[in-house]
Amino acid sequence: MVRWEINPQIKRLIKIIGKQCADWGINAYLVGGSVRDLFLGKSNIDLDIVLDKDVGIIIIHLAKIFSARYVYHPQFKTAKLFLENISIDMATAREEIYYSIGSLPQVRISSEIERDLFRRDFTINAMAIRISKGGLSDLIDPYNGLEDLRKRRIRVLHKKSFLDDPTRIIRAIRFSTRFDFSLEENTLIWLKEAVCRDVFSRISPVRLGNEIVRLLQEKNPLKAIEQLRQLCSLKIIHPQIRFNRKWRKYFPQIPRWSRDFGRETSQSVEEWLIYFIFLTEKLNKEALQRLCLSYELEKHKRLLVLHALKLRKIEKIGFLHYKNSELFNLLKPISPESIIYLIIRVKGKLLKKKLFEFLVRFFKTRLYTDGERLKELGFSPGPIFNKVLETIFLAKLDGFVSTKKEEENLIEKKFLSRQ
Ligand code: CTP
């Protein structure tokens with residue numbers, strides 16, 4: 001009998017799902033990473049549930065019971081329920097057939113959970129626990145995932161796994177660095193064989209990009225990148241990317257500066273973007289732009305990454321005596337990610353401190369004056385609004401102005417008395 005600890009809220013949810021599915025004659029299973037994390041004692045608020053019937057039958061009903069938002073994709077027979085702090089992915093059991101290396105598989109709905117488990121990447125992700133009326137019941141573990149969890153190893157289900165889906169190569173590195181697991185002997189051989197067959201050229205850049213981003217979102221991207229380099233070379237990201245030993249010094253600083261920034265401003269930092277900027281910093285603008293486009297990064301992230309390239313060129317300027325407003329003009333557009341990148345790159349404690357204080361001040365500065373107030377003061381909406389607001393903002397950044405009264409005095413002096 002296998003035992004697991006489960007968070008009471010999730011336990012309650014699962015019980016309700018189990019009861020509803022049983023009433024509707026549906027077999028339901030908790031699967032994949034949710035089961036793995038349960039055995040590892042790690043909390044996971046993204047639950048994966050597989051049903052042996054079309055999720056469409058029950059999703060509306062469950063959404064009503066939980067008063068939750070949901071999306072349902074009838075063509076894939078998958079759905080997602082959004083509860084307050086938990087999301088539940090639900091899918092109809094399926095099997096996948098791969099016809100050629102790296103291509104997307106043909107998906108066939110299947111009512112057998114074992115077939116659904118067989119399509120999965122690693123044994124530790126190919127376990128299921130039946131969800132019955134009373135909650136989680138028996139474990140279904142046809143590929144001995146539990147034993148691999150205990151032996152702390154990543155093992156694929158079959159020889160062709162990496163050829164079927166080359167993104168599993170990066171996933172293997174991701175899970176092995178996250179859990180500090182080793183790659184099982186044959187798995188390692190098959191992984192290397194797949195790399196030798198240049199499998200990455202057969203998958204779409206978007207799929208590759210997604211996995212690279214997820215790798216960089218791990219707790220220890222340096223370890224993951226070192227392993228990626230060792231097992232398949234960083235050229236899979238871009239032919240011009242080489243490992244830079246300085247990353248060993250730079251990377252551990254990223255979470256530290258991000259944490260400090262978060263503590264001061266209560267704003268979060270997308271740390272993976274900073275890792276990405278470092279990884280790609282040797283690329284020229286065109287190559288970087290092409291890479292970001294091929295990964296389909298959102299526009300503001302693309303611009304931010306490209307902007308960091310420009311910041312590198314100014315890192316040697318001695319801006320220690322610049323006022324904040326001058327720094328703003330030199331470094332804009334300001335994002336925590338690009339400035340933290342610069343902070344890590346520049347030399348000298350004082351310069352780092354200055355940039356950090358500027359960044360914090362930039363994100364903490366708030367204006368009392370807004371568009372409505374400008375209208376009351378007689379300004380007509382248009383480019384002048386931005387001009388006035390930026391003038392006040394820069395004066396506040398430099399500490400010349402702080403109260404509401406001082407803001408209005410500045411407007412009076414700079415704009416109204418001239419009219
Ligand atoms: N899966 C797979 N092959 C892939 C992607 C996913 O077999 N290329 C399966 C695995 O069973 C995995 C599940 O789909 O556990 C969910 O995928 P994903 O959310 O990517 O993985 P998690 O294991 O949940 O990873 P994480 O903990 O990082 O969310």
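Take the residue pairs Lys347/Lys413; Lys313/Lys387; Lys11/Lys64; Lys235/Lys301 and return only those whose Cα atoms are more than 30 Å apart.
Lys347/Lys413
In nm, what is the difference between 0.36 nm times the number of residues separating Arg178 and Gln9 and their Cα-Cα distance?
Length gained, Arg178 through Gln9: 58.3 nm.
Given points 7 Å out from each Cα along the Cα-Cβ axis, report the Leu40 to Lys151 separation in nanometres with one decimal.
1.8 nm
Quote to one decimal, in nm, the extra length available between Leu367 and Lys316 on full extension: 0.36 nm per residue of separation minus the C-alpha distance between them.
15.1 nm
Using a 7 Å offset from the Cα along the Cα-to-Cβ direction at both Thr265 and Ser380, what is the distance between the two label points in nm, to one decimal?
In this crude label model, Thr265 to Ser380 measures out at 3.6 nm.
Taking the Cα centre of region 244-364 as origin, work out the dipole magnitude from +1 charges on Lys and Arg Cβ and -1 charges on Asp and Glu Cβ, in debye rounded to 20.
The calculated dipole for region 244-364 is roughly 580 debye.
Out of the total accessible area of region 290-396 (probe 1.4 Å, heavy atoms of protein only), what percent is carbon and sulfur?
It is 56 percent, rounded to a whole number.
For Glu114 and Leu222, what does the FRET efficiency come to when R0 = 51 Å and r is the distance between their Cβ atoms, rounded to the nearest 0.05?
0.85
Place a label point 7 angstrom from the Cα of Lys282 along the Cα-to-Cβ direction, then list the residues of region 234-267 whose backbone nitrogen is under 17 Å away.
Answer for this model: 234-251.
So, in Å, what gap is there between the alpha-carbon centers of region 83-128 and region 387-419?
59 Å
Need one number: nm distance between label points at Lys349 and Arg202, each 7 Å from Cα along Cα→Cβ, rounded to one decimal.
5.5 nm
What whole-number value in Å² describes the accessible area per residue of the chain for a 1.4 Å probe?
Accessible area per residue, the chain: 52 Å².
Taking K and R as +1 and D and E as -1, what net charge do the other residues with C-beta under 14 Å from the C-beta of Pro142 add up to?
Combined, the nearby Lys, Arg, Asp and Glu give -3.
If one computes the Cα centroid of region 151-208 and of region 303-376, what distance in Å separates the two points?
Result: 41 Å between the Cα centres.
The values are calculated or read from the model by the stated rules, or taken from the named source; none is laboratory data. All values reported here derive from a predicted model rather than from experimental measurement. As a convention, Cβ positions derive from the backbone with ideal geometry for all residues, glycine included, and neighbour counts pool all protein chains shown. Accessible surface is based on the protein model in full, side chains and every heavy atom, while ligands, DNA and RNA are left aside. Shrake-Rupley method; radii C 1.70, N 1.55, O 1.52, S 1.80 Å.
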